[in-house]
Every structure is written in C-alpha cells, then in structure tokens.
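Asks: Dropping the structure in here first, questions after.
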Amino acid sequence: MTLDIARIREHTPATSELIHFNNAGAALSPTPVQEALLQHLGLEQRIGGYEAATHAHPQIENFYSAFARLFNCDTDEVAWAENATHGWNTLLHAIPFKSGDRILTGQSEYGSNYLAFLHLCRLRNVHIEVIPNDANGRICLDRLTAAIDNNVRLIALTHVPSQSGVIHPATEIGQIARTHDILYLLDACQSAGQLPLDVNALGCDMLTGTGRKYLRGPRGTGFMYVRKEIIGTLTPAWIDLHSASWAAENTYQLRDDARRFENWESFVAGKIALGVAVDYAMEIGMEAIAKRVGYLASCLREQLSMVNSISVHESGEHLSGIVTFSKKDETPQELQHRLQSAGINISTSKLRSNVLDFGRRGLGDINRASVHYYNTEEEVERFCQVITAT
Ligand SMILES: Cc1ncc(COP(=O)(O)O)c(C=O)c1O
C-alpha cells in the first residue's frame, strides 16, 4: 500500500462524517484493525476465551513480531501493556534504585509520568530534576549534560509531548545517556505511529506507548520495549504465573525476556488488533506517514497563525502533528464544544494535567488539534473556516 488517501479514508469510515483532529487523544482505527478485534471477540463468544486464544496463537505472536519490525528490535524485547502509564510504572518500579539516586526528566513530561516520579520519590527516596526547555520549547541538551553526576540513575523523557507541538531530541539524549552509561526510558506514546522509531538509533533502554493514538489501535492497549542486555537487571514489582514459573514450593524463576513485565490475563482481542494496526502502519510506511502528518500540521499552523484572534503556542523546526493554540474570544471548552457541534473533534489540554509545563510557560487551559495522515488539506481549510465563524 502507498499513501493512497482515498483508499485510506475508505478504511476510515468516520472521515465521511466528521473531521477528526483528536488523533493525539485517540485516532480512528482502520477497518482491518476493527475487523481483527471483532473477529477475535466473536471467536471467544463462539468457542470460549481460552480455546480462542489457542486458536489465534499466531495472531497473538504477531503482536510481538509487528512491534519488533516497527522498532527494529527482537521479539523477546517486546512486551504487552494495557496502557502506556501502566508500562511506564511497571518499568520504573523495576529499576533497582537506591536512596539518593537522581532521575533527570523534561519540563513537558506527561502528567501521569511525572506523578509516577513523585510517588517514587516518596517510596524510594530518589530525587527528580526537571531540565528546562530551550527557547524553542525543546529540552535543553546543555542543561541536561550539565546536570549529570554519578548519582544520575535514569533519564526519562516524553518524546512527543501531549500538550505541546514539539518533538524532543530523543536521539541526541540517547547519545548522552550512552556516553554516561545512564539508563534511558523513553515515552513514545505520541511518537509511535507518527514518526519512524528505531530503538538502536534512539539509544533508549526502555520505551513505552499506547495503542489508541497514532498507531490507530483499539483503546485499552499498549506496549513496552526493553533492551535485551538490561532485562535481567530489572525486577518486576509484582509477578504471576506468566511472568515467572513456580519451580518448587518456595522458589520461582522470572522469565528472561521482556514478557517478565506482563500479566497473564490480557485483552487478547486488543493485542491481536494492535498487531494488525502496526502492520497497517508499516505497510503504508513510517517515513511517508511522518512526512504527511508534518505537512498537514504545518498547513494547519500556518492558517491558524493568520487568524487575529488565535495564538499558536509552538514554533521552531522540530514540530509534531499536535497543534496547540488559544482563541481570544472563546474559552477552550466553548470552542471544543462549538466545533464538536459542527462535526469537528479537537481537545482541550488542561493546566491541571500539565502543572509542570503550563505552570512554567504561564499557560492556562488551551486547545489542541492533532492531525493524522488520513486527514486532508480540505479538512484543514474547513476547520479554519469554522473556527473563525463566530
Ligand atoms: C505523551 C503521553 N504519555 C503517556 C500517556 C498516557 O497514555 P495512557 O493513557 O495509555 O496510559 C499519554 C496519553 O495521553 C501521552 O500523551
């Protein structure tokens, strides 16, 4: 499949009904993903859940091989997670921190990720240090390097923030982490499915994400990547009969692949469907997807910038498909509701969820429009017409 927009939109039936610019919230799943999901749920209903899982073993395993292709890693470095936050917490709590260890993170860290750090500080007496952004809203690499000392155990960062349109320099950060031999955890929640991701080029040790955003998978699905060399150094905070084997009455053995971070019970239909979503994205091509998302977002930014009553909150060279803005004469909530009545989905990023980033940038609640490759130039134009028609 090439980037055949007409065919892609046929696979995305809601595009004939509405303009979906909330892809950073949850993108629209393509028909093959929806079919895979429903097919497995149907099989569970017809023959039983355990029997269906046995029958669908190859499709379940495809989850691992699809992500291995997407990230250029091995299948035993991939694990299922029910969502990105669960994956993030699972890996964070598996790191053998000692009291006084430091974690370096960025200002635009996702809210739940930052709460996980705060909780870890309370539980394990580690310290967090927030590296500020530079003038373009990207993490300042000089400040990051300057903050490194022997106590830094982890660099943990969101690649593409949820609430701002920048792309952080994840590869450069990987080089810094490698140079100083520091663990590197990357949140690829918004970048997976939007940008090509090669874990070797990124230099990350661990990566987490969710299925429902740019990968176009179902809700309630997620994934982790863990570099083979470090799996044995990470101890899951909880285990079960899938992540460990019960060798004798009082002994057990942890799995030696990334599945030591999984639970036995999972959303099997979702796992299969997310594998199909990854295949779908790979068939289109991650380079082509990234190019089109970048192009549509730049059209949107350009047109919004020409509207007097609107301020666009991001600028610079390294921008994602997420466009954040405020409108003078309407609150973010009013604008979101008005657009929804006109068949246009966007979202509102709230100060309460982004205390760190918005606090430092002096922002309150703002609007977020996030485009995907199945959107069109015509939709961007229509969006800008409706937004100014008050
Ligand atoms: C950058 C980023 N990280 C993590 C998350 C959390 O993902 P989940 O809701 O799947 O836990 C989100 C969700 O919006 C996100 O945008």
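The values are calculated or read from the model by the stated rules, or taken from the named source; none is laboratory data. The shown structure was predicted, so the numbers you read here are calculated from the model rather than taken from an experiment. In this analysis, Cβ positions are derived from the backbone assuming ideal geometry, glycine residues included, and neighbour counts consider all displayed protein chains. Side chains are part of the model used for accessible areas, which takes the heavy atoms of the whole protein and leaves out ligands, DNA and RNA. Shrake-Rupley method; radii C 1.70, N 1.55, O 1.52, S 1.80 Å.
Asks: Regarding the range 108-120, can at least one residue be identified that is farther than 21 Å from residue 356 by Cβ, within 16 Å of the ligand (Cβ to nearest atom) and among the polar types (S, T, N, Q)?
Replies: Within the range 108-120, not a single residue is farther than 21 Å from residue 356 by Cβ, within 16 Å of the ligand (Cβ to nearest atom) and among the polar types (S, T, N, Q).
Asks: Among the strands (runs of 3 or more DSSP E) contained in the range 91-180, which hold 3 or more residues that are buried (at least 19 other Cβ atoms within 10 Å of the Cβ)?
Replies: Where strands (runs of 3 or more DSSP E) fall fully within the range 91-180 and carry at least 3 residues being buried (at least 19 other Cβ atoms within 10 Å of the Cβ), they are 102-106, 152-158.
Asks: With (1) touching a strand residue (DSSP E or B) at 6+ places or on another chain (Cβ under 7 Å); (2) more than 16 Å from the ligand (Cβ to nearest atom) as the list, and residue 157 as the residue in question, which single condition is left unmet?
Replies: Just one mismatch for residue 157, condition (2).
Asks: Are there strands (runs of 3 or more DSSP E) fully within the range 193-297 with at least 2 residues that are within 14 Å of residue 78 (Cβ to Cβ)? List them.
Replies: Filter on the range 193-297 gives 206-210, 222-226.
Asks: Here is a check on your reading of the model: is residue 91 over 21 Å from residue 172 (Cβ atoms), within 15 Å of the ligand (Cβ to nearest atom) and of a type outside the set (Phe, Trp, Tyr)?
Replies: Here the answer is yes, as residue 91 does meet what is asked.
Asks: Then there's this: With respect to the numbered conditions (1) of a type outside the set (A, V, I, L, M); (2) open to solvent by less than 70 Å² (accessible area, probe 1.4 Å); (3) part of a loop (DSSP other than H, G, I, E, B); (4) not assigned by TED's automatic domain parsing to the domain that holds residue 39, which one is the sole condition not fulfilled by residue 329?
Replies: The one condition residue 329 does not meet is (2).
Asks: If the Cβ limit is 7 Å and pairs must be 6+ apart or interchain, which residue in the range 249-260 that is among the small types (Gly, Ala, Ser) pairs with which residue that is at pLDDT 95 or above and outside any strand (DSSP E or B)?
Replies: 258/76; 258/77; 258/231
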